[in-house]
Amino acid sequence: MKSWTRREFGCLTGAGLLTALSPRKARGQAKARVVVIGGGIGGATVAKYLASSATAVDVTLVEPRQSYTTCFFSNLYLAGLRPFESLGHGYEALARQYGITVIHESAAAIDPAANTVALNNGSKLSYDRLVVAPGIAFRDRALEGYDDAAMEIMPHAWNAGPQSKLLRRQLESMEDGGLFLIVVPPDPFRCPPAPYERASLVASYFQNSKPKAKILILDAKDKFNAQDVFQDAWNRHYPGMIEWLPAQFTGGVTAVDPKTRSVITAGATFKAAVANVVPAQMAGRLAQQAGLTDQSGWCPVDPVTFESALQPGIHLVGDAIIGGDMPKSAFCANSQAKACAFAIAADLAGSERFPAHLFNTCYTYLAPDDAFSNAISFQPVDGKLKRVLNFVSKVEEGADIRRKAARAAEGWYDAFTQDVFG
Amino acid sequence: MRPAIAAGLVLLVSQSGAAAEPDQGAQLAATCASCHRLDGGGTGIPSIIGLGEERLKSALLAYRASERPNHIMHAIALSLSDEEIASVARYVAAQGK
Ligand SMILES: Cc1cc2nc3c(=O)[nH]c(=O)nc-3n(C[C@H](O)[C@H](O)[C@H](O)COP(=O)(O)OP(=O)(O)OC[C@H]3O[C@@H](n4cnc5c(N)ncnc54)[C@H](O)[C@@H]3O)c2cc1C
């Protein structure tokens, strides 16, 4: 009885869609074609959930790399607590178990009028719907002197892969007593707690192998999330090793000098043994080129369907979007991707759309057996993604709970990467 | 009027002949899959496969009421309506069979 209204509603949406999708019907194709650009956390999740939805969809995933290296848990690798290979995930299951066509190429351009994507190898893909999940790019000239060559000397390691290996090598060959410097970019950037987690885990490595080393964090901000939890842990685990300087003390980092491995602030020059410089960020280059970004450098989207506010028919998820209260995390990218996949599938089939559940949890390590977590849920309110519930570990949480969280984090990594890559 | 969101509500939409059956339980279980492996494996986070519908439901209600302390599951359960809890419990329980 009650479902009748829904059915009617569904049919109406379906009827509306027939017009929208008539070009593909005219070409005699039975299934809608969805192209997903970017096989990172957001893109791989959209592809998988679309391919396994009740709606018949042909899914093509475009990703240049054969294997994805997770940024999450890469700080454990930097501290020597996890092998590099354990961060790698291939696309075989997505192709074989879910029937996704995986093309290992870069997308060069999008033509929204023709509904096509041009690949670097010269070929073209047509789509009925497009999802773009290109992650982040670094802003040009955000820091004077920090160019491609400087990145090879003062790595950012903010995209996991060769940069992470470079930073690990530098940390390993650093002499005891050396200074490890971390430059934290201005908001918004990928994974807000990650610079402080990195400091914590590298400190645990130094404590065992280079106990006289020091860590200096030069921040673009004057405070950071869960600061009390981090600073309490630094005092307990690594007394005197980590120093954090807010922007109000330094005037902010303005330039780097790779020749001397120095970082220059308004008031002083800091010479490092190893410098980890994380530059300011914006949406991935393709989003910029395709006109999907606004003046902020990020992509405005509808918070229910994740459709671009600038280019209809193109959806975006992950770090590239203006997420409102949602931070740029893998968990958020995965959560948005599911909502987006269900919205696209419902729209293509003209079927019911259920309220989405958007969520974020980040497990953050303070030491190998001391981790904390947060749990936040979000809802679209007035066109924006708003935080509705927010729980975070407290400073006074017992060691047993923290130890349990460090174990739960391992379980999360296993389940989460299985959820994304099959 | 109660919104019609019972799991198993089948919306047959004969568009290009494809029958779409969106299942709310399946979509909610996708949220759980970010942390719980739905193939029954996993360590560090308890498996929710094989628990049975009633145990799933009562665990979620206990987390929601903070009778079982855990801030992650408290937040998850608080974000679910009674109907959603019933729907996800039914779906997850059926995965174990
Ligand atoms: C040190 C560190 C620790 C972190 N820890 C956590 C954590 O504990 N928990 C958490 O939730 N998050 C964590 N994150 C954040 C997380 O890694 C990102 O938020 C997440 O990867 C975002 O997903 P995405 O899909 O938007 O981008 P990505 O995962 O970066 O994926 C983008 C993909 O797009 C591809 N691509 C780009 N351009 C093109 C193109 N033109 N054509 C085709 N493909 C293209 C890229 O190759 C890439 O694979 C951490 C990040 C860092 C740096």
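Here are the numbers for the structure shown:
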{"quantity": "The stretch A:374-417, residues that are closer than 14 Å to residue A:364 by Cα and open to solvent by 60 Å² or more (accessible area, probe 1.4 Å)", "calculated": "A:392, A:394, A:401, A:403, A:404, A:407, A:410"}
{"quantity": "Criterion: more than 22 Å from residue A:156 (Cα to Cα) and crowded, with 18+ Cβ neighbours inside 10 Å - qualifying residue of A:194, A:233", "calculated": "A:233"}
{"quantity": "Selected residue [farther than 22 Å from residue A:136 by Cα and small (Gly, Ala, Ser)] from A:200, A:164", "calculated": "A:200"}
{"quantity": "Tally, over the stretch A:128-150, of residues that are in contact (Cβ under 8 Å) with a residue 24 or more places away in the chain, more than 14 Å from chain B (Cβ to nearest Cβ) and more than 14 Å from the ligand (Cβ to nearest atom)", "calculated": "9"}
{"quantity": "Condition met for residue A:224 (assigned to a loop (DSSP other than H, G, I, E, B), farther than 18 Å from residue A:270 by Cα and not assigned by TED's automatic domain parsing to the domain that holds residue A:318)", "calculated": "yes"}
{"quantity": "Extreme residue, farthest from residue A:240 (Cα to Cα), among residues of the stretch A:205-223 that are open to solvent by 10 Å² or more (accessible area, probe 1.4 Å) and in contact with a Pro (Cβ under 6 Å, 6 or more places away or on another chain)", "calculated": "A:220"}
{"quantity": "The stretch A:370-417: number of residues that are away from the ligand (no atom under 13 Å from the Cβ) and either among the charged types (D, E, K, R) or outside the structural domain of residue A:94 (by TED's automatic domain parsing) (or both)", "calculated": "14"}
{"quantity": "In the stretch A:349-369, the residues that are more than 10 Å from the ligand (Cβ to nearest atom) and not charged (D, E, K, R)", "calculated": "A:349, A:350, A:351, A:354, A:355, A:356, A:357, A:358, A:359, A:366, A:367, A:368"}
{"quantity": "Yes/no for residue A:360 being open to solvent by less than 30 Å² (accessible area, probe 1.4 Å) and not aliphatic (A, V, I, L, M)", "calculated": "yes"}
{"quantity": "Among (1) facing chain A (nearest Cβ under 8 Å); (2) under 21 Å from residue A:390 (Cα atoms); (3) open to solvent by 20 Å² or more (accessible area, probe 1.4 Å), the one test that residue B:34 misses", "calculated": "(3)"}
{"quantity": "Selection from the stretch A:113-127 of residues that are closer than 17 Å to residue A:313 by Cβ, free of Cβ contacts under 8 Å to residues at least 60 places away in the same chain and assigned to a loop (DSSP other than H, G, I, E, B)", "calculated": "A:113, A:114"}
{"quantity": "Residue within the stretch A:403-419 that is of a type in the set (Val, Ile, Thr) and in contact (Cβ under 8 Å) with a residue 24 or more places away in the chain present", "calculated": "yes"}
{"quantity": "Failed condition for residue A:38, given (1) at negative phi; (2) away from chain B (no Cβ under 14 Å); (3) under 18 Å from the mean Cα position of the chain (by Cα); (4) surrounded by 24 or more Cβ atoms within 10 Å (Cβ to Cβ)", "calculated": "(1)"}
{"quantity": "The lone exception for residue A:163 - which of (1) in a loop (DSSP other than H, G, I, E, B); (2) within 16 Å of the ligand (Cβ to nearest atom) it fails", "calculated": "(1)"}
{"quantity": "Residue A:370 being more than 8 Å from chain B (Cβ to nearest Cβ) and either among the small types (Gly, Ala, Ser) or touching a residue at least 24 places away in the same chain (Cβ under 8 Å) (or both)", "calculated": "yes"}
{"quantity": "Qualifying residue in the stretch B:58-73 (condition: under 27 Å from residue A:332 (Cα atoms), of a type in the set (A, V, I, L, M) and either exposed (fewer than 15 other Cβ atoms within 10 Å of the Cβ) or modelled with pLDDT under 95 (or both))", "calculated": "yes"}
{"quantity": "Pair list, Cβ under 9 Å, 6 or more apart: the stretch A:180-191 residue closer than 29 Å to residue A:211 by Cβ, other residue open to solvent by 10 Å² or more (accessible area, probe 1.4 Å) and basic (Lys, Arg)", "calculated": "A:180/A:214; A:181/A:261; A:181/A:271; A:184/A:221; A:191/A:328"}
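The values are calculated or read from the model by the stated rules, or taken from the named source; none is laboratory data. This one's a predicted model, so the numbers in the text were calculated from it and none came from an experiment. As a convention, Cβ positions derive from the backbone with ideal geometry for all residues, glycine included, and neighbour counts pool all protein chains shown. These area figures cover heavy atoms from the full protein model, side chains too; ligands, DNA and RNA do not enter into them. Shrake-Rupley method; radii C 1.70, N 1.55, O 1.52, S 1.80 Å.
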